[in-house]
Amino acid sequence: MSTVDTTSSATAETHHDESGKAREAFRTVTNDVAWIAEAPKPHKAWLAVLGVALVMLGIGVYSIYTVIMTGIGVWGNSNTVCWAWDITNFVWWIGIGHAGTLISAVLYLTRQGWRTSINRAAEAMTIFAVMAAGLFPLLHTGRPWFAWWMLPVPNDMGSLWPQFRSPLMWDVFAVSTYLTTSVLFWFMGLVPDLATFRDRNAAKGNNLKAMIYGLFALGWRGSARQWHRYERAYLILAGLATPLVFSVHSVVSFDFATSQLPGWHTTIFPPYFVAGAIFSGFAMVLTLLIPLRYLFNLQHIIKQEHIHAMCKIILATGMMVGLAYGTEFFMAWYSGNPFEKFAFVSRAFGPFWWAYFAMVSCNVLIPQFFWSKWVRNNNKLIWVLCIFVNIGMWFERFVIIATSLARSFLPSAWSYYTPTRYDVGVFVGTIGLFLTFFMLFFRYLPVVAISEVKGVMPEAHAGKGHH
Amino acid sequence: MSDHGSHGHDDVPAGEGKLFGLLAEYDTPGELVDAARKVRDAGYTDFDCYSPFPVHGIDEAMGIKRTILPLLIFGGGFTGLVGGIALQWYCNAYKWGWNISGKPTWSLPANIPIAFETTILISVLTAFFGMWALNKLPQVWHPFFRSERFGRVTDDAFLIGIESDDKRFDLEGTKQLLIDAGAIAVESCHKDPDLSKAVMPKWLLALIVASTAFALIPLAIAAKARNSKSSEPHYHIFPDMDFQPKFKSDQPNDLFADGRSNRGEIDGTIPRGSLNADDVFYRGLEGGDWTHGFPKTYPDGREFVIDDKLVKRGQNRFNIYCTPCHGYDGNGNGAVPQRVKLNGGAWAARNLVDPKADVIRMPNGQLFNTISNGYNTMMGYGAQIPQSDRWAIVIYVRALERAQNASLDDVPADQRTNMPGGTMGGGK
């Protein structure tokens, strides 16, 4: 091996009292994050959550098997309410994913240093949420084995091509671009930290682990020339992901807004959907991270002030969503369109009134608690409130989809919607899928962006001009 | 192990490979930047700094040129934009035009969302893969990885590595430079002494070969299927969706005595809303014979009032449905007979207003029936014109007959002076 010089006399005098302090601080961050993946036995609570998640995933696999083998007739969808839980869940999951991109890209561009403690976990959440979301339109087609028809592939069917002017095609492109970008962005951020894991395992002689982590670390050396290009690429990716995240939920909202159905056919949808997406996504980040930061002792990395900041974002976006609800009603009245008016009166007081009031109370009233600093310091309460926000945002998508379809132009077509156990089963399954992946991520990968946290520490600027 | 003097640039002592370079550790990021500037000022080029995170100011200290990556990404984005538009144009406007209500096959606004997404997608792919390519990664092995100290770069170490290939490299002099720049430790790094031992584990090689071969199987099956013929029908994965147990309306059906799948109305029943009990209104019959009058009421109970409005309605319907053959005057000289005449034919439409012909003498009910069900070559208009409008046409035809055969006595006295020439052309 290499030979080492103890540069005794030459450097002793250049040393100051602070020697080693900065390095110790960096080492602490590495240890605080890496121990989760290095602990010989997983945490009991982690095992319990993973167990529950696997059971839910099993329910989902069985339900999806039935849906594919029998057809989507096993769902509660009907000719009238032709989009129901499936599309509700799709929009809900995609929206949750958006907070991850917002944290990793938008907060990066706006130089919000606090994002470094949560961006890795939030980006992982994005990927798993988009995976869960993608299942629903795929199953909704009824014949998922023909899903490749949505890709512009030369084929034997008279060279039949997809209809690119359909918002559903826009969805295909937007969601797949979003998933690709999220995965690449996330992986790129992971590489320096995977190199950390590689080197720690190599130092301990865990050769197999070192090799696996090393394979994915791509031989990262942390050289300044590599960092230079890496940082440029990271900045540009953040710049690309920002318009992308806004476009994705806008395109999702076009699925509704470009139709003629009262309650869907409104220009407010793109900003309204994006605000709702950020709202629900931040709630999901807090739902996941508040317990995990306790379990894995990350309180000094994911600090209370970070939770404060996220609560404030939830409050702000919650009020944007509330403004959108009000604007919809105002426009229904102001447009003078009787169908539009009817759609909104029926939304609030029609057969799904309970869903509408669940939505308004969870999305507009519940976040008002975050005005209080006492609430923002009470993590258990925040967690409960965030669960309510998640429920409320699910209901928002359901209200938009089901109430509009159930009461469209023709009274003879009016109908009600009741989910079947397969609707519930597939939804539960995607929650299981999401949690399973998230738990595995938390156990085996660097859950905090170690190198980014180090970069924003005060010690990162230490030792300047001492010579 | 402080003595490096014995081996120079190319010495290879026992247990050591060829010298690759020197690694020096610094205490803080700031000291690393200062040291990097000194190394650069000393004229070194084959050196690099290693740190757990991007150190602020190091690019300028080392003299790193700005990467061309942004330009590449711009090129990627532009390719994505043009490619996205071209793809949509080729598929939807050129190769397979969609005719939807006669709208143009190419309209840019509806193609912008996908062009936007492809722009982002290709930019992102260029940024991601371009960055790794410019960084010459993946490179799983590097001589510095042999150093335990280098393993701490991803944790807490701030290192400068100077490679022995540098023109100015001189073991002692370079080491002294690094120490003078504030290093807390300096070590030399060597290449692997015996590269032949550095082979991939056999099981890993076997795994890669096996999985590559395995991955080719579906491709091989697809290639075989595309290049061979089979008399077997397509394989139906879910046959119950392709062949559903149901009858279509024109298929034979053994379940019924008449062998038809399509079932008619049951004898002695009338569909809801099809009773049509009012003989006069629906059929023009009164006591089994054609009525000479008009219905008393509409089916919804309103009184049947013959007024100016109804006559105007009749005129409007007549002008739409009847004039092509019967003409605006009802004299049978519409556009169709005129064209027949032009082509040398002899057919003419019936003259509705000729006092010597029989139409003028038909009862109202028979006229209504003719409009409903047709007469000779005239087809029935019952499917197109509702009963109330048919009655309006009957009234208008009656008005036409009266007008075409009117005399001056039919004009109210106070209107006679308004007549052109004081007389009426039709009053023979």
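The values are calculated or read from the model by the stated rules, or taken from the named source; none is laboratory data. All of these numbers come straight from a predicted model, not from anything done at the bench. Backbone-built Cβ (ideal geometry, glycine too); neighbour counts: all protein chains shown. Surface accessibility is based on the protein's heavy atoms, side chains included, excluding ligands, DNA and RNA. Shrake-Rupley method; radii C 1.70, N 1.55, O 1.52, S 1.80 Å.
Is it possible to state the helix-based mean residue ellipticity at 222 nm for chain A, with each DSSP H run of 4+ residues giving -39500 (n - 2.57), the sum divided by total residues, to the nearest 500 deg cm²/dmol? What is it?
Working: 16 runs with 305 residues, N = 467.
Counting only the DSSP helices, I get -22500 deg cm²/dmol.
Considering only protein heavy atoms, what per residue accessible area in square angstrom results for the stretch B:279-409 with a 1.4 angstrom probe? Numbers along the way, then the final one.
Working: 7410 Å² over 131 residues.
That works out to 57 Å² per residue.
Taking the Cα-to-Cβ direction at residue A:410 and at residue B:339 and moving 7 Å from each Cα, how far apart do the two end points lie in nm?
Output for this residue pair reads 3.6 nm.
Report Rg (one decimal) and Dmax (nearest whole number) for the stretch A:321-381, counting Cα atoms only, units Å.
In order Rg, Dmax, the Cα atoms of the stretch A:321-381 give 15.4, 47 Å.
Please compute the per residue accessible area over the stretch B:12-193 with all protein chains in place, 1.4 Å probe, rounded to a whole number of Å². The partial results should precede the final answer.
Values: 7690 Å² over 182 residues.
Using a 1.4 Å probe on heavy atoms only, each residue of the stretch B:12-193 averages 42 Å².
Quick check: at a probe of 1.4 Å, how many percent of the accessible area of the stretch B:12-193 sits on carbon and sulfur atoms? Mind showing how you got there, number by number?
Values: 4750 of 7690 Å².
About 62 percent, which is the carbon plus sulfur part of the accessible surface.
Below 8 Å, C-alpha to C-alpha, sequence gap of six or more: please give me the relative contact order for chain A in percent. Before the final figure, lay out the partial values.
Numbers: 584 pairs, mean separation 144.7, N = 467.
Relative CO of chain A lands at 31 percent.
Ignoring any ligand, DNA or RNA, what whole percent of the accessible area of the stretch A:97-216 comes from carbon and sulfur when the probe is 1.4 angstrom? Provide the component values of the computation, followed by the final result.
Working: 3080 of 4300 Å².
Within the stretch A:97-216, the accessible surface is 72 percent carbon and sulfur.
By how many degrees, 0 to 90 and rounded to 10, does the Cα axis of helix B:202-226 deviate from the longest principal axis of chain B?
20 degrees
Once the principal axes of the Cα atoms of chain A are found, what is the range along each, listed largest first in whole angstroms?
That gives 94, 58, 41 Å along the principal axes, largest extent first.
In nm, to one decimal, how far is the residue B:297 label point from the residue B:254 one, both placed 7 Å along Cα→Cβ?
For residue B:297 paired with residue B:254, the spin-label model returns 5.5 nm.
What FRET efficiency do you get for residue B:279 and residue B:328 if R0 is 35 Å and r is their Cβ-Cβ distance, rounded to the nearest 0.05?
On the way: r = 32 Å, r/R0 = 0.92.
FRET efficiency, residue B:279 to residue B:328: 0.60.
For chain B, what relative contact order do you get, as a whole percent, if you take Cα pairs closer than 8 Å and at least 6 residues apart?
Working: 459 pairs, mean separation 65.5, N = 428.
Reported as a whole number, the value is 15 percent.
Can you tell me the 0 to 90 degree angle between the C-alpha axis of helix A:21-38 and the longest principal axis of chain A, rounded to 10?
Taking the Cα atoms of chain A, the angle to A:21-38 is about 50 degrees.
Once amide H atoms are built 1.01 Å from N in the peptide plane, which residues 5 or more positions from residue B:185, or in another chain, come under 5 Å H to H?
Result for residue B:185 returns B:25.
For the stretch B:279-409, what does the relative contact order come out to in percent, with C-alpha contacts under 8 Å and a separation of six or more? Can you show the working numbers first?
Working: 167 pairs, mean separation 38.2, N = 131.
With pairs under 8 Å counted, the relative contact order is 29 percent.
For the Cα atoms of chain B, what angle does the longest principal axis make with the long axis of helix B:364-373, in degrees from 0 to 90, nearest 10?
So the inclination is approximately 30 degrees.
Going from the alpha-carbon gyration tensor of the protein assembly as shown, what semi-axes, largest first and in whole Å, does one get by taking the root of 5 times each eigenvalue? Present the calculation step by step, with values, prior to reporting the outcome.
On the way: eigenvalues 1309, 181, 159 Å².
Semi-axes from the Cα gyration tensor: 81, 30, 28 Å.
Please calculate how many Å² of accessible area chain A carries per residue, with a 1.4 Å probe and no DNA, RNA or ligand atoms counted.
On the way: 18370 Å² over 467 residues.
Accessible area per residue: 39 Å².
Peptides A:117-127, A:240-250, A:362-372, B:237-247: what's the order by average Cβ count within 10 Å, highest mean first?
Details: A:117-127: 26.4, A:240-250: 23.1, A:362-372: 18.5, B:237-247: 9.5.
By packing density, highest mean first, the sequence is A:117-127, A:240-250, A:362-372, B:237-247.
If I compute solvent accessible area with a 1.4 Å probe over the protein chains, what percent of it on the stretch B:279-409 is carbon and sulfur? Present the calculation step by step, with values, prior to reporting the outcome.
Values: 3830 of 7410 Å².
Carbon plus sulfur share of accessible area: 52 percent.
Taking residue B:95 as the anchor, which lysines have their alpha carbon closer than 20 Å to its alpha carbon, excluding any fewer than eight residues away along the same chain?
Those lysines meeting the cut-off are B:103.
Using 0.36 nm times the number of residues separating residue B:176 and residue B:148, minus their current alpha carbon distance, what extension gain do you get?
Working: separation 28, 0.36 × 28 = 10.08 nm, distance 2.16 nm.
Between residue B:176 and residue B:148, full extension yields 7.9 nm more.
Would you mind telling me which residue in B:211, B:261, B:101 has the biggest mean-square fluctuation in a Gaussian network model of chain B, where springs connect alpha carbons within a distance under 10 angstrom?
B:101
Return the value, in Å² to the nearest 100, of accessible area buried between chains A and B (probe 1.4 Å, both sides summed). Present the calculation step by step, with values, prior to reporting the outcome.
Numbers: alone 22500 and 29790 Å², together 44000 Å².
Buried area (both sides, nearest 100 Å²): 8300 Å².
Compute from the Cα atoms of the stretch B:12-193 the Rg and the Dmax, the latter being the longest Cα-Cα distance, and quote both in angstrom.
When restricted to Cα atoms, the stretch B:12-193 yields Rg and Dmax of 25.3, 84 Å.
How long is the stretch A:357-467 along each principal axis, judged by its Cα atoms, biggest number first, in Å?
So the extents along the principal axes, rounded to whole Å, are 86, 36, 28.
Find the percent of Cα-Cα distances in the stretch B:309-395 that exceed 21 Å, and round it to a whole number.
Values: 997 of 3741 pairs.
I get 27 percent for the Cα pairs in the stretch B:309-395 exceeding 21 Å.
Please report how far the C-alpha centroid of the stretch B:91-124 lies from that of the stretch A:113-135, rounded to the nearest whole angstrom.
31 Å
Residues of the stretch B:143-163 with accessible area at least 30 Å² lower in the all-protein-chain context than alone (1.4 Å probe)?
B:145, B:146, B:154, B:155, B:156
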